[in-house]
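K.L.:
Got a structure for you, questions after.
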Amino acid sequence: MWTSSEIRKTFLKYFEERQHTVVDSSSLVPFNDPTLLFTNAGMNQFKDVFLGIDKRPYTRATTSQKCVRAGGKHNDLDTVGRTPRHHTFFEMLGNFSFGDYFKEDAIRFAWEFLTEVAKLPADQLWATIYQDDDDAYNLWLDMIGVPAQRIVRLGEKDNFWSMGDTGPCGPCSEILYDRGESYSCGHPQCGIGVCDCDRWLEIWNLVFMQFNRNEAGEMLPLPRPSIDTGMGLERLTSILQKVDSNFETDLFIPIIKNIEILTDRKYNSGEAGFPFRVIADHSRACTFLIADGVLPSNDGRGYVLRRILRRAVRFGQFLGLEEPFLYKNVSVVSNLMQDAYPELVEKESFVQEVIKLEEERFFVTLKEGVKKVEEIIQSANAADRHVITGAEAFTLYDTYGFPLDLTEDMAEENRFTVDTDGFHRMMEEQRHRARQAQKSDIAFEGEQMLAQVLADVPPTGFTGYDRYEDESVVVAIIKDNLREGFAADTEVIVITSSTPFYAESGGQVADTGLICGATGTVRVVDVQKVSGWILHRGLLSGSLRSGDLVRLELDAELRLDTSRNHTATHLLHKALRLVLGDHAQQKGSLVEPAKLRFDFSQLSALTPEQVDEIEEIVNQAILDSRPVRTTVTDINHAREMGATALFGEKYGDEVRVVEVNDFSMELCGGAHVRNTGEIGLFKIVGEGSIGSGLRRIEALTGKGARGYFKEIEREAKEAASFLKTTPSDISKRIEALNRTMKEKDKEIMQLKTRLSKAASENITDRVVNMKGAQVLITEVQSTDANSLRESADRLRDKLGSAVVLLGAVIDGRVALVCFVSKDLIQRGINAGQLVGVAARITGGGGGGRADMAQAGGKDVDQLSNGLAAAQEMVQKSLT
């Protein structure tokens, strides 16, 4: 019987033998595509190729692509476990043609693989086509020999694909597998395009990109039609392993068996097995998402991950699991998928740690949520209301992470209902806000337009690794997507045949400098790369035209500072992994002349000792003056060399390896020093959290670090001058001063106590007898609130049965403190009420118990009036 691993390998090998380049799966986090939350199809990583923005050294490709559909337009979250075939995480097998072959070969390849390699019975395979696609119909009928009754024409909704409102689009043809009448829904007209029952299993979708839809809605033929296909590995595996559900394949059964062990319950394929299927699916999604750098958070991708993870925990509770368990499935997923995705094993410990921590947090959240629901129900009962409003349910869900179904359960237990319509309205409003906040596709449209304008311009050669200036020829000047010569003082984009200017990428900022010609100069302020063209943006003085010979001179001093910082990030990355572990992987960076910023995965703050150790490792590597070498090779050889690929970066087949001798090796296209000794010095100036599981280090090198220490030295000398000591003895001098201050503080406190005691003895003559009760309500002098309370405390002890209310002005504010003996409380006097009335008159507030209370106010001029009001209240209470 086929294993899922064999199916994946066989598929890729089949297309490799047919001149397709096997391309690794891209990350689940789409590279430089703000329109996507997660990679959800095999074509995502080739989007720029289809748009004509990116060029690859191949015209045929094949992949097994990691995909997630949860959140956004494509969201299968709520259907997971309810059907045999829907998942949050899945793999899409695909083959692609970029202007090479078209419909005939796409259909032939698919049919040949399914019938001759996978050995599926031809008479159980059906094809759907777009209603007007006669070409596809004739190919299926005449070339393949599929009977006309098994070729189904469907409309645009089912069989026409488009990348967006405008851009590449075309009809598609889907291959379905007929599982037989026993799987039918029983509907009299059960059939493809009529129902969505389990009999008709969609296997493979072939998209024929042959049109370009413009803004007017016109579909113009593409000059080089392309192919994009996708087939779910899980679905094909269920057919070849002869099981009824994807969850019964070898991709899920080991996970389900582990859940059986954890719960001490048996799985069945019916309704009772629903929680098992959800947990198994979500275990895969969480493991892959975290391994690809997504961490639980309250927005974006992190929020979707948190929802998936917490949903799995909730279903674990249905199975009796009341403590963290999901992290125990990570090793099972890693073992299952390690052949295709070895990075899962490398990151297994970190993934487990992240999931366990999130589970622990969620169990706390559930307790807080239950308490909050009880408060809502209590308040509603008091208002004679028996509905939890949509707003309340949404707050529970959005703020406390409390699931709606649990809110409904608790409501039902208390004979309440939940306004689910109101809840869903607020959810939709939140989604709308998220969609409004999401970046548009403007960048892609701009790049497409540039690609059209520069269609006849060859890619720009980059010479900036070895030189800071060079001569070249202007091949295009652009303003507002027009190519021509321009007048002076105009902002333009200049493209030359070659350039030493580095375009912003990989976290490194762009170079700045000058482009000088015989008749004009451009002061370059920004450099970007689109497809193979390097675009210099700047202000033109004089005039330039295509064909002009120019000299390109970048700011060498700024480039060298940037290079120091860039090489330092490589040293820092290595040091972090040595000190913290392999989970400390780069998640982002900023490399500029003045400083470097480095983001990495780490669940807890670094200790001062860890920061010192990291600094020491980096500075030792600098002191060692290690050579920095670069090698250009193919991606597979680079990995064999041990080079580290960085999160979020997009690599072609040919890559540049930057190696710090006997220290680190990374794939990197940035500018670097030739020897670590050129960095000079490395100093961490900041370390902190930038999100759940993410930390950021800010550091300085070279001149920046030297300037930092000079400033510290200046401040140290200035401080030493104030302290009348030397810079080396500052800490000793401060320590001595602290001891002296503590001794003085002690003496002051003793003096205050004596003064307070004397003052309290001197005011006992202010005691008034009211109806047999001793009442002392008066203004006193006091230096702080503690002294005032101590005075009131002593007077209470001295007087016994009494009301003591003292007021004082401390630091420009009113302070009040009151004590009432138990016998007078029984006569109706309340300390909290007394200070309350006095505080309100002085423009403040406060209160406390019946026997003791304190408060404050802002209006010191009203203190005597406030005390008088309190005395009047005592008089009334004793009447």
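K.L.:
Answer yes or no as to whether residue 599 is open to solvent by 70 Å² or more (accessible area, probe 1.4 Å) and farther than 17 Å from residue 702 by Cβ. Give the derivation first.
P.N.:
On the way: open to solvent by 70 Å² or more (accessible area, probe 1.4 Å): no; farther than 17 Å from residue 702 by Cβ: yes.
For residue 599, the condition - open to solvent by 70 Å² or more (accessible area, probe 1.4 Å) and farther than 17 Å from residue 702 by Cβ - is not met.
K.L.:
Further, regarding this structure: Determine if the stretch 21-39 includes at least one residue that is in a loop (DSSP other than H, G, I, E, B), in contact with a Pro (Cβ under 9 Å, 6 or more places away or on another chain) and within 21 Å of residue 251 (Cβ to Cβ).
P.N.:
yes
K.L.:
Also, quick follow-up: If you check 365, 395, which single one turns out to be hydroxyl-bearing (Ser, Thr, Tyr), more than 24 Å from residue 256 (Cα to Cα) and open to solvent by 40 Å² or more (accessible area, probe 1.4 Å)?
P.N.:
395
K.L.:
Pick from 116, 104, 156: which is without any contact (Cβ under 8 Å) to a residue 12 or more places away in the chain and open to solvent by 30 Å² or more (accessible area, probe 1.4 Å)?
P.N.:
Only one candidate qualifies: 116.
K.L.:
Among the residues of the stretch 338-352, write down those that are assigned to a helix (DSSP H, G or I), open to solvent by 40 Å² or more (accessible area, probe 1.4 Å) and touching a residue at least 24 places away in the same chain (Cβ under 8 Å).
P.N.:
343, 346, 349, 352
K.L.:
When residues of the stretch 374-392 are filtered for being in a helix (DSSP H, G or I) and either open to solvent by 70 Å² or more (accessible area, probe 1.4 Å) or within 24 Å of residue 78 (Cα to Cα) (or both), how many remain? Please lay out each step first, then the result.
P.N.:
Taking the stretch 374-392 as the starting set, the residues that turn out to be in a helix (DSSP H, G or I) are 374-382, 390-392.
Add one more test, that the residue is either open to solvent by 70 Å² or more (accessible area, probe 1.4 Å) or within 24 Å of residue 78 (Cα to Cα) (or both), and what stays is 374-375, 378-379, 381-382, 390-392.
Number of matching residues: 9.
K.L.:
Among the residues that make up the stretch 642-653, is at least one of them in a strand (DSSP E or B), touching a residue at least 60 places away in the same chain (Cβ under 8 Å), open to solvent by less than 50 Å² (accessible area, probe 1.4 Å) and closer than 30 Å to residue 26 by Cβ?
P.N.:
For the stretch 642-653, residues in a strand (DSSP E or B), touching a residue at least 60 places away in the same chain (Cβ under 8 Å), open to solvent by less than 50 Å² (accessible area, probe 1.4 Å) and closer than 30 Å to residue 26 by Cβ: present.
Here is a yes/no grid of residues against (1) touching a residue at least 60 places away in the same chain (Cβ under 8 Å); (2) open to solvent by less than 30 Å² (accessible area, probe 1.4 Å); (3) of a type outside the set (Phe, Trp, Tyr):
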site: 41; (1), (2), (3): yes, yes, yes
site: 47; (1), (2), (3): yes, yes, yes
site: 51; (1), (2), (3): yes, yes, yes
site: 63; (1), (2), (3): no, yes, yes
site: 79; (1), (2), (3): no, no, yes
site: 90; (1), (2), (3): yes, yes, no
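K.L.:
Going through the stretch 846-871 one residue at a time, which ones are open to solvent by less than 50 Å² (accessible area, probe 1.4 Å) and farther than 15 Å from residue 809 by Cα?
P.N.:
Listed by number, the residues that qualify are 847, 850, 852, 853, 869, 870.
K.L.:
Select, from 613, 659, the only residue that is over 27 Å from the mean Cα position of the chain (by Cα), surrounded by 15 or more Cβ atoms within 10 Å (Cβ to Cβ) and under 27 Å from residue 692 (Cα atoms).
P.N.:
Just one listed residue meets the conditions, 613.
K.L.:
Still on this structure: Determine the pairs where a residue that is within 12 Å of residue 311 (Cβ to Cβ), located within the stretch 264-280, has a partner that is of a type in the set (Phe, Trp, Tyr) and open to solvent by 40 Å² or more (accessible area, probe 1.4 Å) with Cβ atoms under 8 Å apart, the partner being 6 or more residues away or on another chain.
P.N.:
275/318
K.L.:
Just wondering, is there one or more residues in the stretch 660-674 that are aliphatic (A, V, I, L, M) and part of a helix (DSSP H, G or I)?
P.N.:
no
K.L.:
Scan the stretch 348-365 residue by residue and report those that are more than 30 Å from residue 335 (Cβ to Cβ) and in contact with a helix residue (DSSP H, G or I) (Cβ under 8 Å, 6 or more places away or on another chain).
P.N.:
Within the stretch 348-365, 365 is the sole residue that qualifies.
K.L.:
Which residue, of 173, 184, 226, is touching an Asp or Glu at 6+ places or on another chain (Cβ under 9 Å), open to solvent by 20 Å² or more (accessible area, probe 1.4 Å) and of a type in the set (S, T, N, Q)?
P.N.:
Answer to the selection: 184.
K.L.:
Still on this model: Can you name the number of the only condition in (1) farther than 20 Å from residue 662 by Cα; (2) surrounded by fewer than 23 Cβ atoms within 10 Å (Cβ to Cβ); (3) touching an Asp or Glu at 6+ places or on another chain (Cβ under 8 Å) that residue 579 fails?
P.N.:
Among (1) farther than 20 Å from residue 662 by Cα; (2) surrounded by fewer than 23 Cβ atoms within 10 Å (Cβ to Cβ); (3) touching an Asp or Glu at 6+ places or on another chain (Cβ under 8 Å), residue 579 violates only (1).
K.L.:
A further question follows. Return the only residue of 561, 526, 582 being in a loop (DSSP other than H, G, I, E, B) and either over 27 Å from residue 698 (Cα atoms) or of a type outside the set (A, V, I, L, M) (or both).
P.N.:
Details: 561 fails: in a loop (DSSP other than H, G, I, E, B); 526 fails: in a loop (DSSP other than H, G, I, E, B).
Sole residue among the options that is in a loop (DSSP other than H, G, I, E, B) and either over 27 Å from residue 698 (Cα atoms) or of a type outside the set (A, V, I, L, M) (or both): 582.
K.L.:
Tell me, yes or no, whether the stretch 136-143 has at least one residue that is of a type outside the set (A, V, I, L, M), assigned to a strand (DSSP E or B), open to solvent by 10 Å² or more (accessible area, probe 1.4 Å) and at pLDDT 95 or above.
P.N.:
Initial filter on the stretch 136-143 (of a type outside the set (A, V, I, L, M)): 137-138, 140, 142.
Imposing the further condition that a residue be assigned to a strand (DSSP E or B) reduces the set to none.
Checked against the condition, which is being of a type outside the set (A, V, I, L, M), assigned to a strand (DSSP E or B), open to solvent by 10 Å² or more (accessible area, probe 1.4 Å) and at pLDDT 95 or above, the stretch 136-143 yields no hits at all.
K.L.:
On to the next question. Taking the conditions exactly as written (open to solvent by less than 40 Å² (accessible area, probe 1.4 Å) and of a type in the set (A, V, I, L, M)), does residue 1 satisfy them or not?
P.N.:
No.
K.L.:
Still on this model: Under the condition of being touching a Gly at 6+ places or on another chain (Cβ under 9 Å) and modelled with pLDDT under 65, which residue from the stretch 448-483 is surrounded by the most Cβ atoms within 10 Å (Cβ to Cβ)?
P.N.:
Going through the qualifying residues, I end up with 448.
K.L.:
Checking residue 82 against (1) touching a Ser or Thr at 6+ places or on another chain (Cβ under 8 Å); (2) over 26 Å from residue 299 (Cα atoms); (3) at pLDDT below 90: exactly one of these is not met. Which one?
P.N.:
(1)
K.L.:
Any residue in the stretch 656-679 that's touching a residue at least 12 places away in the same chain (Cβ under 8 Å) and within 13 Å of residue 591 (Cβ to Cβ): show its pairings with residues that are of a type in the set (Asp, Glu) and not in a loop (DSSP other than H, G, I, E, B) at Cβ separation under 6 Å, as long as the two are six or more apart or on different chains.
P.N.:
Within 6 Å, the pairs are 658/666.
K.L.:
Scan the stretch 774-794 and tell me whether some residue there is modelled with pLDDT under 90, in contact with an Asp or Glu (Cβ under 7 Å, 6 or more places away or on another chain) and surrounded by 12 or more Cβ atoms within 10 Å (Cβ to Cβ).
P.N.:
No, every residue in the stretch 774-794 fails to be modelled with pLDDT under 90, in contact with an Asp or Glu (Cβ under 7 Å, 6 or more places away or on another chain) and surrounded by 12 or more Cβ atoms within 10 Å (Cβ to Cβ).
K.L.:
Checking residue 629 against (1) free of Cβ contacts under 8 Å to residues at least 60 places away in the same chain; (2) in a strand (DSSP E or B); (3) open to solvent by less than 40 Å² (accessible area, probe 1.4 Å): exactly one of these is not met. Which one?
P.N.:
(3)
K.L.:
Could you check, for the stretch 282-295, whether at least one of its residues is over 25 Å from residue 602 (Cβ atoms) and more than 18 Å from the chain's Cα centre (by Cα)? First the steps, then the outcome.
P.N.:
Here is the first cut: in the stretch 282-295, the ones over 25 Å from residue 602 (Cβ atoms) are none.
Among the residues of the stretch 282-295, not one is over 25 Å from residue 602 (Cβ atoms) and more than 18 Å from the chain's Cα centre (by Cα), which makes the answer no.
K.L.:
Within the set of pairs 6 or more residues apart or between chains, which connect a residue that is within 16 Å of residue 852 (Cα to Cα) and part of a strand (DSSP E or B) inside the stretch 787-816 to a residue that is open to solvent by 30 Å² or more (accessible area, probe 1.4 Å) and of a type in the set (Gly, Ala, Ser) with Cβ atoms less than 7 Å apart?
P.N.:
815/785
K.L.:
Go through (1) open to solvent by 20 Å² or more (accessible area, probe 1.4 Å); (2) part of a helix (DSSP H, G or I); (3) small (Gly, Ala, Ser) one by one and return the number of the condition residue 547 breaks.
P.N.:
The single condition residue 547 does not satisfy is (2).
The values are calculated or read from the model by the stated rules, or taken from the named source; none is laboratory data. Fair warning: this is a prediction, and the values are worked out from it, not measured in the lab. Positions of Cβ are backbone-derived with ideal geometry, glycine not excepted, and every protein chain shown enters the neighbour counts. Remember, those area values only see protein heavy atoms, side chains included, never the ligands or the DNA or RNA. Shrake-Rupley method; radii C 1.70, N 1.55, O 1.52, S 1.80 Å.
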